[in-house]
1. Looking at (1) modelled with pLDDT of 95 or more; (2) touching a helix residue (DSSP H, G or I) at 6+ places or on another chain (Cβ under 8 Å); (3) closer than 30 Å to residue 52 by Cβ, which one does residue 310 not meet, given that it meets all the others?
2. Six or more apart or on different chains, Cβ atoms under 8 Å: show the pairs whose first residue is in the range 275-304 and under 12 Å from residue 237 (Cβ atoms) and whose second is of a type in the set (S, T, N, Q) and outside any loop (DSSP other than H, G, I, E, B).
3. Does residue 235 satisfy the criteria of being β-branched (Val, Ile, Thr), more than 18 Å from the chain's Cα centre (by Cα), within 24 Å of residue 163 (Cβ to Cβ) and surrounded by fewer than 22 Cβ atoms within 10 Å (Cβ to Cβ)?
4. Which one of these does residue 372 not meet: (1) under 20 Å from the mean Cα position of the chain (by Cα); (2) surrounded by fewer than 22 Cβ atoms within 10 Å (Cβ to Cβ); (3) over 26 Å from residue 43 (Cβ atoms); (4) not aliphatic (A, V, I, L, M)?
5. Have a look at 102, 93, 117 and point out the one that is of a type in the set (A, V, I, L, M, F, W, C) and over 17 Å from residue 174 (Cβ atoms).
6. Go over the candidates 130, 45, 51 one by one and state the one that is polar (S, T, N, Q) and within 22 Å of residue 175 (Cα to Cα).
7. Do you know which of the residues in the range 240-267 that are of a type outside the set (A, V, I, L, M) and not in a helix (DSSP H, G or I) is nearest to residue 278 (Cα to Cα)?
8. Taking residue 230, is it surrounded by fewer than 16 Cβ atoms within 10 Å (Cβ to Cβ), in contact (Cβ under 8 Å) with a residue 60 or more places away in the chain, assigned to a loop (DSSP other than H, G, I, E, B) and under 23 Å from the mean Cα position of the chain (by Cα)?
Amino acid sequence: MTMTPRENFFTAMSHQQPERVLVDMGKHIGSIHKKAYVKLQQYLNDVPMENADKILDRMAQTVVPDEALLQRFGIDFRWLVPNWVQVKERTDVDGYIDMWGVPYRATADKDHYAIDVLCDAPLKTATLNNLDDFNWPDPYDPDQFKGLREQAESLYKNTDYVIGADAIKAGPLMTALQMRGYEQFFMDLIADTEFADALLDKITWTLKAMWTRYMEEVGAYVQLAYVTDDLGSQTSMLISPKVFRNRLKPKMKELYDHIKGLADVKLMMHTDGAVLPVIEDIIEMNVDIINPVQTSVQGMDNTQFLKQQFGNRLAFHGAIDVQHLMPNANLNQLRWEVAKRIHDLSYNGGYIIAPCHNIGHDISSQNIVAFFDLVKEFDTDPSALDKVLASKQSYFANHN
């Protein structure tokens, strides 16, 4: 093979067939829980892994994966992560208040931190008249992106990896829901649209200013920008497609257009859930790649349909389920799943294979390693993929 990860990425994003399927792991929604990481260190005793105490995402308690592990798994991406700033530690419980004023507290087992629903949302009682009085995040904080320019330049000049600008971990909808309170903001979207629009405008403006600073530091070196929001639940959209199109879509497109106007990057959008009804809208919002393709929910499980319907205009990232499959699958089941998703999504490029969310502490080291090794196996011997698919079809034919 002669193409570098970066060359494979450009080819795949042009919807042409790369030499192999790109593989990713390590951004803040897509790393490994600290407990699973410690077990993995013991399982891979020949890989000099460190960083078990270096937390990448405090809420999810995932770690910054060691470079040795990224190389062992054949990861094609290296992610630049904004610095944790404007956060206050809580004195009443084990928890913190993020830059948007949203309170979090540790769960009982301290496996992650969750929004503290016992505390009032910071804008629960806000009105249109006093919205500007809130202590909004400082988008020009010099510490938020400190050191990232040097890191990006070094990666660009000294490696062939795809360099990604990891998300600021805020999006118009989810941030509004957290700041206002879920129930109240859902009502605002219908009953107080003037306030809803004003809040979304403030969040979008703040994020645009942050991304401007971000790209001033790393824009010359990155190929990919990652943005996050959540539009879907396990069973449906969080809001109706009509409300989404009227209230959210214009703000999100404004933000995404702004980011892509700052640097020559592809834009990857994270949204969990059953979002099939708005994929056309996501494409219209100037999104190049959708993540995580949550195959455990209705509509996103049919990856063959997704590719046929949208694959010439949208690339896919993820599709390997971490809710049910990876915690419970045996090797043959995992082999089938990896083969199926590669078969469905990778032809004519446009697919980056990855676990569809964080690798949780309920996933065995054996299955973690097996997943990444299977991707290598199918890249090295594409005929093996066809054999797996054929054997599965034969099994079903003989047992129906």
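1. (3)
2. Note: pairs meeting the criteria are 279/309.
3. The answer is no for residue 235.
4. So residue 372 meets the others, but not (3).
5. Of 102, 93, 117, the one residue that is of a type in the set (A, V, I, L, M, F, W, C) and over 17 Å from residue 174 (Cβ atoms) is 93.
6. When all the criteria are applied, what remains is 130.
7. 240
8. No; evaluated as a whole, the condition is false for this residue.
The values are calculated or read from the model by the stated rules, or taken from the named source; none is laboratory data. This structure is a prediction, so every number in the text was calculated from the model and none was measured. Glycine gets a Cβ as well: all are built from the backbone with ideal geometry, and neighbour counts include every protein chain shown.
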